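The values are calculated or read from the model by the stated rules, or taken from the named source; none is laboratory data. As the structure is a prediction and not an experimental result, all values here were calculated from the model. Backbone-built Cβ (ideal geometry, glycine too); neighbour counts: all protein chains shown. Heavy atoms of the whole protein, side chains included, go into the accessibility calculation; ligands, DNA and RNA do not. Shrake-Rupley method; radii C 1.70, N 1.55, O 1.52, S 1.80 Å.
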Amino acid sequence: MGNFPILTAVTFLPLAGALLIMLVQAATGSNGQDEETRGRQSLMAGLIFSAATFVASLVMLASFEVDAPGYQLVEQVSWFAGIQYKLGIDGMSLLLILLTTLLTPISLIASYGTVKHRLTEYTIAFLVLETFMIGVFCAMDLVLFYVFFEAGLIPMFIIIGVWGGADRIYASFKFFLYTLLGSLFMLAAIVFMYLQAGTSDIMVLETYAFAPEVQTWLWLAFFASFAVKLPMWPVHTWLPDAHVQAPTAGSVILAGVLLKMGGYGFLRFSLPMFPDASEFFQPMMFALSVIAIVYASLVAFRQTDMKKLIAYSSVAHMGFVTLGIFSFTEVGVQGAIFQMISHGLISGALFLIVGMVYDRVHTREIAAYGGLVNKMPIYAAIFMLFTMANVGLPGTSGFVGEILTMTGAFQASTWAAAGAALGVIFSAVYMLTLYRRTVFGPVTNPALENITDVGKKDLVTIVPLIIGTILLGVTPNLVFDITRESSLRALQMITGG
Amino acid sequence: MLDFQAMISAIGPELLLALAGLAGVLAGAYMGDRFNGLSFKLGAATLLLAALVVIMNWEGGEAFGGLVTTGPFVNFAKCISFVAGAVTLLMAEGFLKRHETIRYEYPLLVIFASLGMGIILSASNLMTLYMGIETLSLSSYVLASFHRDSIRSSEAGLKYFVLGALASGILLYGISLVYGFTGSVDYGDIASSERTIGLVFGMVLMISGMAFKVSAAPMHVWTPDVYEGAPSPVVAFFATAPKMASMVVFANLLFTAFSGVFEDWQMIIGIIATLSMLIGAFGALIQTNLKRLLGYSSIANMGYALVAVAAGAEYGAAALLVFMTTYVIASIGLFGGVLSMRREGGMVESIDELAGLVRRRTGLAIALTILVISVAGFPLAVGFIGKLVVFQAGWNAGLLPLLIVLVLSSVIAFGYYLRIILVMWVKEPAERFQPVGATVALSVYAAAAACLVLFVFVSPFIDWATQASAGFIQ
């Protein structure tokens with residue numbers, strides 16, 4: 001590879017697509033076609049751009065050297081006052097970017113035919129969001145990271161607020177203000193770090209030693225932001241609302257990518273930059289993680305809305321991520337990264353699965369379903385696969401993530417691991433209950449009599465996720481080889497390596 | 001001959017404006033109504049030319065034996081103010097034409113107001129300062145009541161005049177006290193005289209008078225009323241050019257004349273800033289009229305700017321220029337938005353009238369969204385960087401309590417900024433706006449584009465501001 005700025009290309013390709021769509025739509029404003037046709041054209045164009053982004057990210061994968069330590073493909077331009085436009089990736093960010101570029105075209109395909117009004121704006125919002133999500137994962141400057149991190153709120157706010165369900169305004173406001181409040185603490189910490197260390201370069205700050213008492217405050221400020229984003233108990237309450245109100249594609253992106261920013265943040269900033277504080281807060285993080293796993297699982301069991309159930313299940317699964325990260329063991333951190341990728345695929349798939357029946361029956365009430373296996377055998381099989389993956393069945397990627405994070409946690413605290421194991425059992429309870437009540441039994445709801453099985457479009461969206469889930473479940477080393485360097489670097493300040 | 005040249009480099013722009021204004025009066029007298037349409041273009045051209053003259057004499061100079069001293073710091077503000085004046089003047093033309101109040105007096109008043117701005121920015125003597133302030137204020141009072149057949153406009157003008165006259169009186173009283181206790185009205189002499197209680201007292205009164213001009217709390221009460229009542233293009237002008245000029249004059253006065261009593265005014269400015277940020281943020285939350293909301297928003301933004309002032313000359317000067325410029329750019333665009341809100345039967349001003357704008361005028365809605373994001377200080381637009389440098393200035397000066405208020409009031413302010421975005425994007429579309437001409441739309445788009453472009457290529461802009469403030473750094 002020469003000096004081609006591949007990261008910039010991957011990051012801004014979707015934005016370029018959004019601008020192009022905007023311009024073309026504005027230029028052809030009055031050529032007589034109705035809004036829906038034009039919207040569909042925009043969606044197709046958006047799909048092409050997001051697919052091209054995926055291809056570009058594969059090029060990025062190809063030029064990535066797995067065994068090389070440190071950050072790769074670094075690009076750097078001075079921005080202002082010592083703050084830089086600096087991009088770079090390591091194994092962890094590489095995989096999260098791939099996850100993003102995979103899920104965005106899938107979301108757009110899933111929206112085809114289901115989102116009916118204002119498709120042009122819808123497509124633009126998703127493309128803009130994709131740029132910001134990729135930017136978050138490859139920003140190598142704290143201020144730049146903050147910009148991407150915050151900017152992503154606006155398209156998501158609009159996606160929930162415009163194309164959401166009945167309570168969308170409340171949900172979008174809650175989502176925005178919760179995240180914003182957390183982020184402002186982080187901004188204060190970022191400005192402080194910049195003034196104290198004289199740089200906002202992440203690579204430099206990773207080795208900068210802040211005084212222990214300062215670390216505590218900085219850690220808490222970052223924690224405020226990431227805990228909301230992840231989300232951790234007790235600041236998770238925005239998530240079920242946002243998920244229930246968001247359109248299917250919005251939920252896929254929210255659960256698949258946005259939640260991962262929290263885990264990414266802990267690994268990228270909290271551990272290497274504030275090692276003393278991280279060790280100090282380990283018991284608290286373990287406690288919060290276990291509470292999240294057990295509490296969210298129990299709450300999930302009581303839900304009557306399918307999306308809400310999966311949302312709470314996400315809270316529980318993200319608990320495993322924090323558990324693994326704060327075990328400070330290589331196996332735990334590797335497991336946490338793996339769990340993030342795996343959960344991105346599985347929860348994305350589950351929201352798609354809910355979306356498929358919602359599009360047909362227009363309700364998410366579990367009680368309205370039952371006996372789907374009689375009418376939709378392929379659907380039932382796919383649902384079964386992802387139910388099992390979410391529970392953590394060996395052979396699926398869910399298993400690997402959970403077992404590794406628990407192994408890591410076990411080395412640090414037996415009790416935490418025991419508590420988390422309880423969560424695994426609970427997850428089987430609520431997922432299997434959901435599956436039984438929707439798929440098995442007699443068909444009681446007359447609305448289900450004429451329901452059709454999954455179509456081509458549904459298969460196109462779900463098959464890549466099936467492949468990913470199984471592939472990672474069978475050969476997890478694909479991920480571990482790539483993320484090993486990242487995990488070791490996240491830990492090196494703590495283990496004194 | 002040499003002397004003449006030094007004078008030109010100090011007061012060239014003001015000279016130009018004064019002559020152009022007088023020529024305009026004559027032309028109006030001879031041509032009558034035929035001059036109305038032309039006067040707007042000529043006025044804007046004059047203002048742009050004045051900005052050009054400022055840039056050509058960037059290093060400034062001294063004139064009239066020290067009554068007038070210019071330098072890069074004030075020239076920066078002059079430049080932005082004149083350009084803002086020109087843009088708002090062009091935006092006003094269509095509006096006034098539709099309301100059948102297009103008269104050549106309007107651009108002349110804007111030019112005289114700009115002349116006042118130029119004078120106060122050049123002032124290095126309290127008498128010059130007062131003269132300039134009166135030139136600016138008297139033109140502004142007339143502009144506020146420019147719709148003389150409208151009760152609201154007349155009321156706004158009268159309110160502004162009565163309160164403004166009071167503030168001028170307070171300012172003048174402060175000046176007389178300062179003169180009495182220091183024996184001089186020259187900035188440099190005042191700075192080098194020793195601290196006496198009379199000097200501090202006079203300074204406090206002067207700060208009160210200046211706080212009125214920049215609409216900082218607790219002297220802000222006129223702002224929402226005048227913003228609501230005065231004709232929209234006039235408000236667009238008030239919110240941009242005079243704000244920039246007055247704020248920089250305020251800072252210049254404190255940084256130079258009162259540099260000897262820094263500790264005394266730092267606390268007062270801190271309190272004013274805190275009050276402005278909180279009153280602006282909370283006051284705007286309950287507004288339904290967009291112009292009133294922007295009035296409160298400007299109070300809050302003046303509070304942020306005052307944080308940079310409170311940080312002192314060394315840390316705050318450059319930050320103030322950067323922040324005020326970002327604010328002026330966003331304000332021009334937002335008032336362009338206000339000017340676009342025309343329905344059958346007249347202008348509308350309620351926030352709810354923007355409902356579903358994205359479906360009716362997608363481009364306008366996106367531009368307004370960017371502008372709101374910028375003025376809210378959210379990343380993605382240059383307003384974020386403006387707030388960041390203010391934050392940095394406050395941090396360097398150790399003003400932690402102020403910064404906490406700044407962050408909290410920003411969060412509160414998101415509440416109402418977000419509501420504007422939400423109304424435009426989510427609500428069911430209202431009736432389509434009537435077209436208001438290309439100038440307004442162009443200004444909105446240009447301002448939004450500037451917010452984005454400056455965000456990405458902000459470095460030269462910050463360097464420019466830093467270089468302009470270099471004189472304050474010891």
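Please determine whether any residue of region B:167-184 is open to solvent by less than 50 Å² (accessible area, probe 1.4 Å), at pLDDT 90 or above and on the phi > 0 side of the Ramachandran plot.
The answer is no, given that none of the residues of region B:167-184 is open to solvent by less than 50 Å² (accessible area, probe 1.4 Å), at pLDDT 90 or above and on the phi > 0 side of the Ramachandran plot.
Looking at (1) more than 20 Å from B:Gln467 (Cα to Cα); (2) assigned to a helix (DSSP H, G or I); (3) modelled with pLDDT under 90, can you tell me which one B:Gly398 breaks?
The failed condition is (2).
Which is part of a helix (DSSP H, G or I), open to solvent by 10 Å² or more (accessible area, probe 1.4 Å) and more than 9 Å from chain B (Cβ to nearest Cβ), of A:Leu98, A:Leu103? Give the steps one after another, and end with the answer.
On the way: A:Leu103 fails: open to solvent by 10 Å² or more (accessible area, probe 1.4 Å).
Just one listed residue meets the conditions, A:Leu98.
Here's a check for you: in region B:429-449, which residue that is part of a helix (DSSP H, G or I) and within 14 Å of another protein chain (Cβ to nearest Cβ) is nearest to B:Gly383 (Cα to Cα)?
My answer is B:Ala448.
Provide a single number: the residues in region A:152-193 that are open to solvent by 40 Å² or more (accessible area, probe 1.4 Å), more than 10 Å from chain B (Cβ to nearest Cβ) and within 30 Å of B:Trp395 (Cα to Cα).
Going through region A:152-193 one residue at a time, the tally reaches 1.
Any idea which residue in region A:194-215 is nearest to the other protein chains (Cβ to nearest Cβ), counting only those that are open to solvent by 40 Å² or more (accessible area, probe 1.4 Å) and assigned to a helix (DSSP H, G or I)?
In this case the residue turns out to be A:Leu195.
Of all residues in region B:418-451, count the ones that are touching a Ser or Thr at 6+ places or on another chain (Cβ under 8 Å) and not aliphatic (A, V, I, L, M).
3
Output the number of residues of region B:52-94 satisfying the condition of being within 21 Å of the chain's Cα centre (by Cα), part of a helix (DSSP H, G or I) and not charged (D, E, K, R).
Selection size over region B:52-94: 24.
Of the residues B:Ala393, B:Ala465, B:Ala367, which single one is under 23 Å from the mean Cα position of the chain (by Cα) and either more than 14 Å from B:Phe323 (Cα to Cα) or not in a helix (DSSP H, G or I) (or both)?
Numbers: B:Ala393 fails: either more than 14 Å from B:Phe323 (Cα to Cα) or not in a helix (DSSP H, G or I) (or both); B:Ala465 fails: either more than 14 Å from B:Phe323 (Cα to Cα) or not in a helix (DSSP H, G or I) (or both).
Testing whether each residue is under 23 Å from the mean Cα position of the chain (by Cα) and either more than 14 Å from B:Phe323 (Cα to Cα) or not in a helix (DSSP H, G or I) (or both) leaves just B:Ala367.
Taking only pairs six or more apart or across chains, which ones have beta-carbon atoms under 6 Å, a first residue in region B:249-269 that is without any contact (Cβ under 8 Å) to a residue 12 or more places away in the chain, and a second residue that is buried (at least 17 other Cβ atoms within 10 Å of the Cβ) and not charged (D, E, K, R)?
none
Using beta carbons and a limit of 9 Å, which pairs, at least six apart or on different chains, have the first residue in region B:450-468 and away from every other protein chain (no Cβ under 11 Å) and among the polar types (S, T, N, Q) and the second one assigned to a helix (DSSP H, G or I) and surrounded by fewer than 16 Cβ atoms within 10 Å (Cβ to Cβ)?
Qualifying pairs under 9 Å: none.
So which residues in region B:429-449 are open to solvent by 30 Å² or more (accessible area, probe 1.4 Å) and under 19 Å from B:Ile329 (Cα atoms), if there are any at all?
Once the filter is applied, which keeps residues that are open to solvent by 30 Å² or more (accessible area, probe 1.4 Å) and under 19 Å from B:Ile329 (Cα atoms), region B:429-449 yields B:Ala438, B:Thr439, B:Leu442, B:Tyr445, B:Ala446, B:Ala449.
Taking into account only those residues within region B:366-391 that are facing chain A (nearest Cβ under 8 Å) and within 20 Å of A:Gly182 (Cα to Cα), which is most open to solvent (accessible area, probe 1.4 Å)?
B:Leu380
Within the group A:Gly135, A:Gly82, which residue is surrounded by 24 or more Cβ atoms within 10 Å (Cβ to Cβ) and either at pLDDT 85 or above or more than 16 Å from the chain's Cα centre (by Cα) (or both)?
A:Gly135
Looking at region A:130-151 only, could you name the residues that are within 17 Å of B:Ala381 (Cβ to Cβ) and more than 10 Å from every other protein chain (Cβ to nearest Cβ)? Can you show your working first?
Here is the first cut: in region A:130-151, the ones within 17 Å of B:Ala381 (Cβ to Cβ) are A:131-132, A:135, A:143-144, A:146-151.
Listed by number, the residues that qualify are A:Thr131, A:Gly135.
Considering each of A:Phe64, A:Phe54 in turn, give the residue that is open to solvent by less than 30 Å² (accessible area, probe 1.4 Å), of a type in the set (A, V, I, L, M, F, W, C) and at negative phi. First the steps, then the outcome.
Values: A:Phe54 fails: open to solvent by less than 30 Å² (accessible area, probe 1.4 Å).
From the options A:Phe64, A:Phe54, the qualifying one is A:Phe64.
In region A:355-370, what residues are of a type in the set (S, T, N, Q) and in contact with a helix residue (DSSP H, G or I) (Cβ under 6 Å, 6 or more places away or on another chain)?
If the condition is that a residue be of a type in the set (S, T, N, Q) and in contact with a helix residue (DSSP H, G or I) (Cβ under 6 Å, 6 or more places away or on another chain), then no residue fits.
Would you tally the residues in region B:123-157 being small (Gly, Ala, Ser) and either more than 18 Å from B:Ala84 (Cα to Cα) or in a loop (DSSP other than H, G, I, E, B) (or both)?
At the first step, the residues of region B:123-157 found to be small (Gly, Ala, Ser) are B:123-124, B:132, B:137, B:139-140, B:144-145, B:150, B:153-154, B:156-157.
Still in the running and either more than 18 Å from B:Ala84 (Cα to Cα) or in a loop (DSSP other than H, G, I, E, B) (or both): B:123-124, B:132, B:145, B:150, B:153-154, B:156-157.
Of the residues in region B:123-157, 9 are small (Gly, Ala, Ser) and either more than 18 Å from B:Ala84 (Cα to Cα) or in a loop (DSSP other than H, G, I, E, B) (or both).
Being closer than 15 Å to B:Gly270 by Cα and either open to solvent by 40 Å² or more (accessible area, probe 1.4 Å) or more than 9 Å from chain A (Cβ to nearest Cβ) (or both) is the filter here; which residues of region B:397-428 pass it?
If the condition is that a residue be closer than 15 Å to B:Gly270 by Cα and either open to solvent by 40 Å² or more (accessible area, probe 1.4 Å) or more than 9 Å from chain A (Cβ to nearest Cβ) (or both), then B:Ala397, B:Gly398, B:Leu399, B:Leu400, B:Pro401, B:Leu402, B:Ile404, B:Val405, B:Leu406, B:Ser409 are the ones that fit.
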